[in-house]
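The values are calculated or read from the model by the stated rules, or taken from the named source; none is laboratory data. Since we're looking at a predicted model, the values are computed, not measured. Neighbour counts run over all protein chains shown; Cβ positions are idealised from the backbone, glycine included. Just the protein is used for accessible areas: all its heavy atoms, side chains included, with ligands, DNA and RNA removed. Shrake-Rupley method; radii C 1.70, N 1.55, O 1.52, S 1.80 Å.
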Amino acid sequence: MDAARFQSQHDSLIQAAELALRTLTPAADTRPARLHAAMRYSLEAGGKRLRPVLCLAAAQAFQPAADARHAATALECIHTYSLIHDDLPCMDNSDLRRGRPSCHKAFDEATALLAGDALLPLAFALLAEGYADRPELSRRLVAELAHAAGSTLLVGGQTEDMGGLAAGADADRLEFILLGKTAAMLSAPLAMGALIGGANAADVEHCRLAGRAAGIAFQLVDDLLDGSANAAQLGKPVGADAQNGKFTYPGLHGIPATKARIQALTDEANAHLAACQGDTSFLLALITRMASRDR
Ligand code: GRG
């Protein structure tokens, strides 16, 4: 896919994701207004919208019989909740997120905690209500997202990550963290999009595995950027990993091995996408670009 076509498709998917976020989540002045203002503050703070874009694009790759926007919004709600909670003093203690003060800095700790809490059930309400006329699809989307965001993946990965380097530098623990903390929430959008697109079971699985490989690669790129980018470029503090004793792939295996793994994972993701029966050309281009991003 040529660069201009990719860019225009990417821009229109981001616009669709942003519009869905604004229209499908409660307005900032909904009572209690401080809570809803905090939710909207973090949802609207920008970000790459990668998870909703992957979900919308995966649905479009097949023959969608349902609207992917509710699922795309649900994914961004979970992602945003996890960022709000991750920034709290009891976790990563970060003052900056998406180029702005983190939620607990712009509001206060209790409000940030509650804003994250509220985004979590909102995600499942979107899946229950948005696909009410397709109960089996709704059930499968709920199961996908609950699994990805649950105790064995997103929350489990965060849990194992919390001790940092001090908790032990074994490669198996690092893989568990990568799969849970990052890859699960990049694999779920592709699987959910494929389900909405009506893909067959084999293609849903190809999409899930493509997302998993691309998700691990995404984290490795993130780790390399943390060591090389500047804060304005990333919208969050940099050099934080080394400073905070974070347990990372480049820290354990070195930079050349990290770059080689990013390439191998990107090839693996693209092979899964190429094996699908749908038109995965946009997803292929996006995943290839994710591996060479600079923010
Ligand atoms: C608190 C349950 C819980 C989980 C937190 C999201 C997370 C897990 C931690 C944040 C730190 C981190 C490096 C997570 C890995 C996933 C990741 C790279 C998140 C950032 O995603 P981007 O770059 O963010 O897509 P934007 O802001 O662009 O949406």
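Across the range 76-92, coupling constants 3J(HN,Hα) worked out from phi with the 6.51/-1.76/1.60 Karplus curve, θ = phi - 60°, read 5, 4, 5, 4, 5, 4, 5, 5, 4, 5, 4, 6, 4, x, 6, 10, 8 Hz, and Gly and Pro carry x. Expressed as a rounded percentage, what relative contact order does the range 1-114 have, with Cα pairs under 8 Å and six or more residues apart? Relative contact order here is 24 percent.
For the chain, what % of the accessible area comes from carbon and sulfur atoms, probe 1.4 Å? Carbon and sulfur: 55 percent of the exposed surface of the chain.
Compute the relative contact order of the range 104-206 as a whole-number percentage, counting only Cα pairs closer than 8 Å that sit 6 or more residues apart in sequence.
22 percent
Contact order for the chain, expressed relative to its length and based on alpha carbon pairs under 8 Å spaced 6+ residues apart, stands at 20 percent.
For Arg97, the residues 5 or more places off, or on other chains, whose built amide H falls under 5 Å of its own are Ser102. Charges were assigned to the Cβ only: +1 to each Lys and Arg, -1 to each Asp and Glu. The resulting dipole of the range 3-290 about its Cα centre is roughly 500 debye. Taken along the Cα-to-beta-carbon direction at a fixed 7 Å, the label points for Lys105 and Gln277 span 5.0 nm. Within the shell of other residues whose beta carbon sits under 14 angstrom from the beta carbon of Arg173, the net charge comes to -3, with Lys and Arg scored +1 and Asp and Glu -1.
With a cut-off of at most 16 other beta carbons within 10 Å, and DSSP calling the residue loop, which GluC sites (Glu not before Pro) in the range 1-105 qualify? Please list them. Passing both the DSSP loop test and the Cβ count: Glu44. In terms of overall dimensions, the chain has a Cα radius of gyration and Dmax of 18.2, 52 angstrom.
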